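The values are calculated or read from the model by the stated rules, or taken from the named source; none is laboratory data. Note that this is a predicted model, so its numbers are computed, not measured. Glycine also receives a Cβ, built like all others from the backbone with ideal geometry; neighbour counts cover every protein chain displayed.
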Ligand code: ADP
């Protein structure tokens, strides 16, 4: 006999109809048994009564029905006892009682195991997994509560239906392949696309097991499934955002790095591997980073490494990499301490390939240096006459003093004191002209900027001194208001002097047409917060139009017929390269005020 997988649905309550039929049948059997002279074991039919009551599923009622039927059999026997056949009547009575008793016991045992089975099924209903059993024709024979929740169909609705039609299953591979694997191995698991009753698509993770009957014939399939739609969507979103991130990292040439201490465990993103020129299979270590570091920047990177080991909250280092093919890359590494727990430090950071930006910056710097040089030469050309005079004047004074000294010495009574005074004056004039020549030579030289400590007050004094003749020739009264003690800044002396000379020459030119008032130039310095020094070059010229203030610093902006319009633009590039700002203002009482703010150098030289 082929044993099939038990088709078990939810327990049904015993119907009143069954009880009524059982009662009527019991009454009929009793009447026939007690009142008719039939000498057959009619009481055996009580067995049917017991079975009918047992169908209701209650062990107590079945027991009660069995006892009642035995009692009725005995009463019937007593009432209908036939004296002529008392032995036969007794045998029939005993046979009936035995049949009723055995049937009742078997029915009760059957009910007990059904109750146990039902309890186990209730337990299957506790799980959130959808558990479905279907026969080899895909007809559902069991559908737990989890399946009701996942698919939206009740057990009553699902029973007997084709599971795959009901849930509109789409298989990852042809279903025949799945069946073949199931028959071969007894198992299959995979992901299925299904549809809920309300039309919502589901992604299901399903595990199938084949159930064979006693003869080994495939009889049913037990499928345990979970709804992984949300997890699937989250995974898809994660994959998408990872792809976005990887793409963004590739485009921006920024890799991410993480480091755990003290284990020195490192993690790099794909882009970090690409920047550092390693295969993604390599287990990254800080030694790998050092291996790529340019030999000239090793000390810098070692220092950053030491800071990390000491638990520094943030590391920001720019250095070069020397790649195996000999090429050089510029990178910017920024990391911060993410977590610090019980002796463990975790840093996360970004490694940016800034080669292009650095090379562009360097090219820009070179252009700026060249342009600054050209404009310096141009300015010197414009000032040639007054500068030549400025140099010639002390030389002429030297000659005069030398003559005087000679005269004091050639007297019959040489006056040594006067001669000494003249010689001192000669020395001072010689120093002055050699200082001017030094400044002009420095300005005329073409060289890369070199940063050093610069006293802005001294620089202002020297620049005004250099242009003294020019100022005199234009009838300009120059006033210096320099803040003491002098603020030191870090910068390129020649470039900063170029800014000052440029601003003063512009002021001189702006006052060219002024006849109605005094031509005055103020050069002042003062400290401003935070840690900055402000240089102001102000004149009593004609000023500029309100709308021009923001254009003055644009390249090629000029209002002069012979102007180039590059002076202020270069001043701005120089000031910004020194970490400062420059702007123009129109003072209320006329003229123009050009303001430069520069950061003050710290005690530690930064
Ligand atoms: P250029 O001197 O060759 O014109 P600049 O870049 O030095 O080039 O100056 C740009 C313009 O800014 C000048 O043409 C002038 O209109 C204006 N400007 C500069 N300094 C002053 C100033 N002190 N007063 C008025 N206008 C000025």
Only unsatisfied item for residue 124, checking (1) crowded, with 19+ Cβ neighbours inside 10 Å; (2) at pLDDT below 95; (3) in contact with a strand residue (DSSP E or B) (Cβ under 8 Å, 6 or more places away or on another chain), is (1)
Just need a number here: residues in the range 247-262 that are touching a residue at least 12 places away in the same chain (Cβ under 8 Å) and either more than 15 Å from residue 349 (Cα to Cα) or over 17 Å from the mean Cα position of the chain (by Cα) (or both). 4
Pairs with Cβ under 9 Å, 6+ apart, first in the range 552-566 and in contact (Cβ under 8 Å) with a residue 60 or more places away in the chain, second near the ligand (Cβ under 6 Å from one of its atoms) and in a loop (DSSP other than H, G, I, E, B): 564/558; 566/558
Could you list, in sequence order, all residues of the range 523-534 that are part of a loop (DSSP other than H, G, I, E, B) and either within 8 Å of the ligand (Cβ to nearest atom) or at negative phi (or both)? 529, 530
Among (1) assigned to a loop (DSSP other than H, G, I, E, B); (2) at pLDDT below 95 - the single one residue 153 does not satisfy: (2)
Filter pass, residue 459 being surrounded by 17 or more Cβ atoms within 10 Å (Cβ to Cβ), assigned to a helix (DSSP H, G or I) and within 16 Å of the ligand (Cβ to nearest atom): no
Total residues in the range 153-186, condition buried (at least 17 other Cβ atoms within 10 Å of the Cβ), touching a residue at least 40 places away in the same chain (Cβ under 8 Å) and under 14 Å from residue 197 (Cβ atoms): 3
Could you list, in sequence order, all residues of the range 523-534 that are in contact (Cβ under 8 Å) with a residue 40 or more places away in the chain and surrounded by fewer than 21 Cβ atoms within 10 Å (Cβ to Cβ)? 524, 526, 527, 528, 531, 532, 534
Checked the range 588-597 for anything more than 11 Å from the ligand (Cβ to nearest atom) and in contact with a strand residue (DSSP E or B) (Cβ under 6 Å, 6 or more places away or on another chain); matches are 595, 596, 597
Would you pick out the residues in the range 540-552 that are within 7 Å of the ligand (Cβ to nearest atom) and under 22 Å from residue 375 (Cβ atoms)? 541, 544, 548, 552
Counting only residues that are crowded, with 19+ Cβ neighbours inside 10 Å and not in a strand (DSSP E or B), how many does the range 578-594 have? 3
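Every residue, every condition in (1) modelled with pLDDT under 95; (2) surrounded by 22 or more Cβ atoms within 10 Å (Cβ to Cβ); (3) under 46 Å from the mean Cα position of the chain (by Cα); (4) more than 22 Å from residue 460 (Cα to Cα), yes or no:
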| site | (1), (2), (3), (4) |
| --- | --- |
| 547 | yes, no, yes, yes |
| 550 | yes, no, yes, yes |
| 557 | yes, no, yes, yes |
| 572 | yes, no, yes, no |
| 576 | yes, no, yes, no |
| 596 | no, yes, yes, no |
| 606 | yes, no, yes, yes |
Of all residues being within 16 Å of the ligand (Cβ to nearest atom) and assigned to a helix (DSSP H, G or I) in the range 463-495, which is surrounded by the most Cβ atoms within 10 Å (Cβ to Cβ)? Just the residue, please. 495
State yes or no: is residue 564 modelled with pLDDT under 90 and either more than 30 Å from residue 450 (Cα to Cα) or within 11 Å of the ligand (Cβ to nearest atom) (or both)? yes
Can you tell me which of (1) surrounded by 14 or more Cβ atoms within 10 Å (Cβ to Cβ); (2) within 11 Å of the ligand (Cβ to nearest atom); (3) closer than 14 Å to residue 590 by Cα is the one residue 520 doesn't meet? (2)
Here is a check on your reading of the model: is residue 88 under 26 Å from residue 20 (Cβ atoms) and at pLDDT below 85? no
Quick one: which of 508, 499, 537 is within 9 Å of the ligand (Cβ to nearest atom), outside any strand (DSSP E or B) and surrounded by 14 or more Cβ atoms within 10 Å (Cβ to Cβ)? 508
If you go through the range 124-139, how many residues are over 18 Å from residue 227 (Cβ atoms) and either under 43 Å from the mean Cα position of the chain (by Cα) or not in a loop (DSSP other than H, G, I, E, B) (or both)? 4
Tell me which residues, restricted to the range 567-583, are within 10 Å of the ligand (Cβ to nearest atom) and either more than 23 Å from residue 494 (Cβ to Cβ) or without any contact (Cβ under 8 Å) to a residue 24 or more places away in the chain (or both). 569, 572
